[in-house]
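Input: a single structure, listed below in structure tokens.
We did not get these values from a lab; they are worked out from the coordinates using the rules stated. What you are looking at is a predicted structure, and each value in this text was computed from that prediction instead of being measured. Positions of Cβ are backbone-derived with ideal geometry, glycine not excepted, and every protein chain shown enters the neighbour counts.
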């Protein structure tokens, strides 16, 4: 049975969670800013990785 943090998300779902556009999420995936992998022609993201990125972004914003 898969862990709940091993859930795969698509670009649109990640964009909603990070308050970004799906195009920005895809660009960040291409540049390896957000951990992702390709499944066919679409980017997929592990929920645990996005949770980690969200925490990092929150830390950067709090320091600014």
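General remarks:
- Residue with peak Gaussian network fluctuation, the chain [Cα springs, cutoff 10 Å], from 46, 12, 31: 31
- Entry note, the chain: relative contact order of 35 percent, from Cα contacts under 8 Å with a spacing of 6+ residues.
- Taking 0.36 nm per residue of separation and subtracting the Cα-Cα distance, full extension of the segment from residue 8 to residue 61 would add 16.5 nm.
- Residues 33, 60 arranged by fewest to most Cβ contacts within 10 Å: 60, 33
- According to the calculation over all Cα-Cα pairs in the chain, the P(r) per 5 Å bin from zero is 4, 18, 29, 26, 14, 6, 2, 1, 0 %.
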